[in-house]
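The values are calculated or read from the model by the stated rules, or taken from the named source; none is laboratory data. All figures in this text were calculated on a predicted structure; none of them were measured in a lab. Glycine gets a Cβ as well: all are built from the backbone with ideal geometry, and neighbour counts include every protein chain shown. Just the protein is used for accessible areas: all its heavy atoms, side chains included, with ligands, DNA and RNA removed. Shrake-Rupley method; radii C 1.70, N 1.55, O 1.52, S 1.80 Å.
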Amino acid sequence: FESGFDPQRLLNDIVILQLNGSATINRNVQLARLPAQNQGVGSGVPCLAMGWGQLGTARPLASVLQELNVTVVTTLC
């Protein structure tokens, strides 16, 4: 559910889901690998980015969750 997401200021830009039961790991359901607490992701690391953001300049927000394979270029941003 959406809880106060502000696309202008990027506030509340994260969602945590609690399932009513166990999930079955398969092609469509996978575990998210997160860095350890207080650890960043280094340059050159492949990552999966997800979101409901805009699909292009002056385009509406996506109506379904989008995903993209990306590689971290720098951690300075």
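Working note: Karplus 6.51/-1.76/1.60 with θ = phi - 60° gives segment 20-28 the couplings 6, x, 7, 8, 9, 6, 8, 4, 9 Hz, where Gly and Pro are set to x.
Here the chain is treated with +1 on each Lys and Arg Cβ and -1 on each Asp and Glu Cβ, and its dipole about the Cα centre works out to around 160 debye. Each of THR74, THR24 has its accessible area taken with a 1.4 Å probe; listed largest first, they run THR24, THR74.
All Cα-Cα separations within the chain were binned at 10 Å from zero, giving a P(r) of 13, 37, 41, 10, each value a whole percent of the pairs. Using the Cβ-Cβ distance between VAL41 and PHE5 with R0 set to 25 Å, the FRET efficiency from 1/(1 + (r/R0)^6) comes to roughly 0.60.
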